[in-house]
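The values are calculated or read from the model by the stated rules, or taken from the named source; none is laboratory data. All values reported here derive from a predicted model rather than from experimental measurement. Note that each Cβ is placed from the backbone with ideal geometry, even for glycine, and that neighbours are counted across all protein chains shown. Note: areas computed on protein heavy atoms with side chains; ligands, DNA, RNA excluded. Shrake-Rupley method; radii C 1.70, N 1.55, O 1.52, S 1.80 Å.
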Amino acid sequence: MSSGDMASGKGGLKKRSVAGSFLFKFPNGDEKQAQVALFRRSGKVRTYQHKLAPVSGSVEKDDASPLATALREIREETTLTLSSLELLRVGKPYTFVDESIGREWTINPFAFRLKDKTEGGKGEEGITIDWEHEGYEWFNPHDVNEFEDFGGVPKLVNSLRRVWPEYDLGPRAGKILTSGLQQLRNDHESGARQLAQTAVTILKDLIAEMDSAVIDANWWANVRMAAWHICKARESMGAAITSAVVKTLDRVEALFNQQHQSPSEKVRQMVKAIDDQLEERKYTTDRIRDTFVDYIQQNMLQTTEHKRKAISVLTLSSSSTISTCLLRAAANLGVSLDLRILESRPLYEGVTLASKLLEAENEQVDMTVTLYTDASVALATRGVDIVVLGADRISSGGDVSNKIGSFPAVLSQRHVAPEARVVILSETEKIASPGLMEEHPAEENDPTELTQAWRGARVKGADSIESASTVTDGDGSMQGRVRVKNTYFEWVPAQFIQAYVTDEGLWSVQDITKRSNWISDEMDRFFKGL
């Protein structure tokens, strides 16, 4: 633990902000068998000597963030580097006072999964403790407690439960949350709408299985903490997940506040209310479809002197919303559809979209489909009438995060087909809380998706690139001489977008900003006091 800078607070208390990192391992890859490492502090540290604690250290002025502090302290105190770790959970920070040593602590809890050697990590064998610790032990998270004979630092359980809320949920609900968060993290095929659906279902199942003998303030706090982790499970898809989850909490809160009902009846009604929400979500695509057809009719067909016989559309990736809207527009408006689809590497979702469209095609739809490589996007935009994109996240200013390749497509359209329109098809739940697009987290994914694609295509030199990208340095980090970047999403600034077609109608940037502020208020209401 580094010394850090301290500020003096009330009563002469010294304030310090620290990062506390819990290291987890999952035998046989099963998160339900989780074990957490606690490190016994040595007699050489200034506070809490010989007590069990997570890897801890002060947030320094030159640390970019508490997460940067956490990684630095893990490296200093265990020699583990990021190549041996996966960020598992980010806990909600909290503050407490320990008057016995005159400190006010602000704790930023984190949980990391220890990677084994098959994943390129060092595993447990890579842990080498420094002078700040006497040793470490592995525990079942549920066995950690704050009794004196356990020997933990103050508020140890409070820090742990903020990265492992399963601690308070009971065995059945805890397992649902554990497996649910793992599903959200690892699902790279479903879009934001499907992941939001999954998130709401996880929360519903969790509430159904919680110990509900007494539904009180603690019960409600446990639900909200679990919901907070569900919202944070997949940051790049967090807008849709968070919006859907806070709507769920709205319904649950109304029933939680009702009087003169038994706990079991309250839970039954809560589950039914969430089922109703899930049922209502099934019709969002229909509402977007109807708005899109009307938009095409009003803006592309009635504005021309001669009736259009065809519309040329460019899109990418695989979106059931986009495919449904395009097919309905072609059928209802009596125009042929010249559909151009970028293949969308590395997972080739554009190819999947093309196949779905062909499977769904009927006699009412006159459609031709042309697939283009991502690199030929400028050719694909030649003579196009409309660029149709989905959205995984929309900033408060109307910027849109979508599948990588979206921004080059829009830039090519601006140069090659400047009269074409860029239209976003999206549920309003994908609107994020206030913030610039640069402030939203980017999602970097496994580079092996790229290298495996190269191997499958027998690309010359692929083996050399893969080897050069996984060279192990002396400190165990896998820096390599070559970096392979596999970024899934990128931003399209609002200035390039002509229309936002949503399940609540045709929206403006002002509508988006208003909804963004509402989401922020709801998040504060449900999560700020945890």
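Per-structure values
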item: Greater than 26 Å apart at Cα, pairs in LYS232/LYS403; LYS25/LYS175; LYS122/LYS175; result: LYS122/LYS175
item: Length gained when the stretch ALA217-GLU439 is fully extended (0.36 nm per residue, less Cα-Cα span); result: 76.6 nm
item: Between helix 320-333 and the chain: long-axis angle, C-alpha atoms, 0 to 90°, nearest 10; result: 20
item: Cα gyration tensor category, rounded, prolate or oblate, for segment 79-187 with a/c compared to 1.5; result: oblate
item: Å² of accessible area per residue within segment 64-111, as computed with a 1.4 Å probe and no ligands counted; result: 38
item: Nearest-ten-degree value, helix 238-256 long axis tilted from longest Cα axis of the chain; result: 70
item: Principal-axis tilt of helix 192-209 within the chain, Cα atoms, nearest 10 degrees; result: 40
item: Protection proxy ranking, peptides 200-208, 492-500, 241-249, average beta carbon neighbours within 10 Å, highest first; result: 241-249, 200-208, 492-500
item: Residues whose placed amide H lies under 5 Å from that of HIS133, excluding near-sequence neighbours; result: SER42
item: Theoretical FRET efficiency, 1/(1+(r/R0)^6), r = Cβ-Cβ of LYS175 and SER355, R0 45 Å, to 0.05; result: 0.80
item: Fraction of accessible area attributable to carbon and sulfur, the chain (%, probe 1.4 Å); result: 48
item: Residue order for LYS356, LYS430 - accessible surface, 1.4 angstrom probe, largest first; result: LYS356, LYS430
item: Proximal charge balance of ALA221 [Cβ under 13 Å; K/R count +1, D/E count -1]; result: +2
item: Rounded accessible area per residue of segment 342-414, 1.4 Å, Å²; result: 42
item: Distant alpha-carbon pairs in the chain (separation over 39 angstrom), percent; result: 35
item: Added length on full extension, which subtracts the Cα-Cα distance from 0.36 nm per residue, SER467 to ALA310; result: 51.6 nm
item: Candidate aspartates and glutamates - alpha carbon under 13 Å from LYS282, same-chain residues fewer than 8 apart omitted; result: GLU427, ASP503
item: Exposure of GLU209 as accessible area (Å², to 10), given a probe of 1.4 Å and all protein chains; result: 70
item: Approximate spin-label separation LYS282-ASN257, in nm, with each point projected 7 Å along Cα-to-Cβ; result: 3.0
item: Selection from THR513, PRO109, LEU160 lying farthest towards where the dipole of the chain points positive, charges on Cβ; result: THR513
